[in-house]
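Engineer: Dumping the structure here so I can ask a few things about it.
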Amino acid sequence: MTDTRQEILEYLRAHGAADVNELAETLGLSPVTIHYHINVLQRDGLLETKDVRQGVGRPRKVFTLRDSAYEKFPQSYHRLSDRLLEILKSRMTEADIQALFERIGSDIASEHELSLQGKPLEQKIATLIDLLGEEGFMSRLEKVGADQFVLTQVNCPYQYVATRHPEVCELDLQLMNTALGTAVSSAASVPPRSPSRAVAITSTPGRSIRW
């Protein structure tokens, strides 16, 4: 993102809303230039437009941030998550913590039930890779047998927390188990701080498929 567009986002974050003229004056640019950058930010889904009435005449058109724009600012969610988990682990048993993450994984999978329903296993896995991508994972798939696959995650969005709290990994394992309705297990061990992990997916004959 260019410095100008970042400055626009930062100004709107600090002031809530602004029109083109206000942004042009603040950033020392022409309204035409501001319009160009506003159009790019709107195309990227970061801004929305609101009409503000000020007495007689045309309403004033101002721009505000959409929720997606807040991801462009520094975040410390991982530190907050780390602290919350420390508190939970001091008050809950290990089994309770594991059950909690399994429940979260199942809930995420349930949100996508319709997109998985009725598909053969390989198509489910392809859909699952897209779902994992929405959660911040980067995955690649290798078919190693008629109904056997190895899915390798090359990026884990929870890596900072997972290195301190490995039980977090139960979340995506449960998501896969619930979404695919078949056996999913760790296929290989990796160094503790590695962002990669491989899981084996095998069609389980006779197993009750949820969807």
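Engineer: Of all residues being of a type in the set (G, A, S) and surrounded by fewer than 13 Cβ atoms within 10 Å (Cβ to Cβ) in the range 1-46, which is nearest to D67 (Cα to Cα)? Just the residue, please.
Structural biologist: Top of the filtered list is G45.
Engineer: Could I ask something else about it? Could you list, in sequence order, all residues of the range 52-85 that are touching a residue at least 60 places away in the same chain (Cβ under 8 Å) and over 30 Å from E7 (Cα atoms)?
Structural biologist: Those that are touching a residue at least 60 places away in the same chain (Cβ under 8 Å) and over 30 Å from E7 (Cα atoms): D82, L85.
Engineer: Which one of G45, G57 is under 19 Å from the mean Cα position of the chain (by Cα) and either modelled with pLDDT of 85 or more or small (G, A, S) (or both)?
Structural biologist: Details: G57 fails: under 19 Å from the mean Cα position of the chain (by Cα).
When all the criteria are applied, what remains is G45.
Engineer: Please go through the range 116-154 and pick out each residue that is of a type in the set (G, A, S) and within 18 Å of the chain's Cα centre (by Cα).
Structural biologist: As a first pass, look at the range 116-154 and keep what is of a type in the set (G, A, S): 118, 126, 133, 136, 139, 145-146.
Scanning the range 116-154 gives A126, G133, G136, S139.
Engineer: Quick check on this structure: which one of L128, L121, L85, L114 is loosely packed, with under 14 Cβ neighbours inside 10 Å, more than 30 Å from I38 (Cα to Cα) and among the aliphatic types (A, V, I, L, M)?
Structural biologist: Values: L128 fails: loosely packed, with under 14 Cβ neighbours inside 10 Å; L121 fails: loosely packed, with under 14 Cβ neighbours inside 10 Å; L85 fails: loosely packed, with under 14 Cβ neighbours inside 10 Å.
Every option except L114 fails the conditions.
Engineer: Pairs needed: first member in the range 114-127, assigned by TED's automatic domain parsing to the domain that holds R140 and within 15 Å of S139 (Cα to Cα); second member anywhere, surrounded by 14 or more Cβ atoms within 10 Å (Cβ to Cβ) and among the aromatic types (F, W, Y); C-beta distance under 9 Å; at least 6 residues apart or different chains.
Structural biologist: E122/F149; K124/W211; I125/F149
Engineer: Same structure again: Quick check, is K143 surrounded by fewer than 16 Cβ atoms within 10 Å (Cβ to Cβ), in a loop (DSSP other than H, G, I, E, B) and not small (G, A, S)? It would help to see each step written out before you state the result.
Structural biologist: Values: surrounded by fewer than 16 Cβ atoms within 10 Å (Cβ to Cβ): yes; in a loop (DSSP other than H, G, I, E, B): no; not small (G, A, S): yes.
So K143 fails the test.
Engineer: So is D67 under 30 Å from T163 (Cα atoms) and outside the structural domain of T182 (by TED's automatic domain parsing) or not? Show your work before the answer.
Structural biologist: Values: under 30 Å from T163 (Cα atoms): yes; outside the structural domain of T182 (by TED's automatic domain parsing): yes.
Answer is yes for this residue.
Engineer: Mind telling me which of the residues Q153, Q148 ends up being under 22 Å from T202 (Cβ atoms) and surrounded by fewer than 16 Cβ atoms within 10 Å (Cβ to Cβ)?
Structural biologist: Q148
Engineer: A further question follows. Would you check which residues across the range 118-137 are modelled with pLDDT of 85 or more and of a type in the set (G, A, S) and list them?
Structural biologist: A126
Engineer: Determine, yes or no, whether V40 is more than 31 Å from the chain's Cα centre (by Cα) and hydrophobic (A, V, I, L, M, F, W, C).
Structural biologist: Values: more than 31 Å from the chain's Cα centre (by Cα): no; hydrophobic (A, V, I, L, M, F, W, C): yes.
When the stated conditions are applied, V40 does not pass them.
The values are calculated or read from the model by the stated rules, or taken from the named source; none is laboratory data. On a predicted model such as this, the values are computed, not experimentally measured, just so you know. Here the Cβ is made from the backbone with ideal geometry for all residues, glycine too, and neighbour counts use every protein chain on show.
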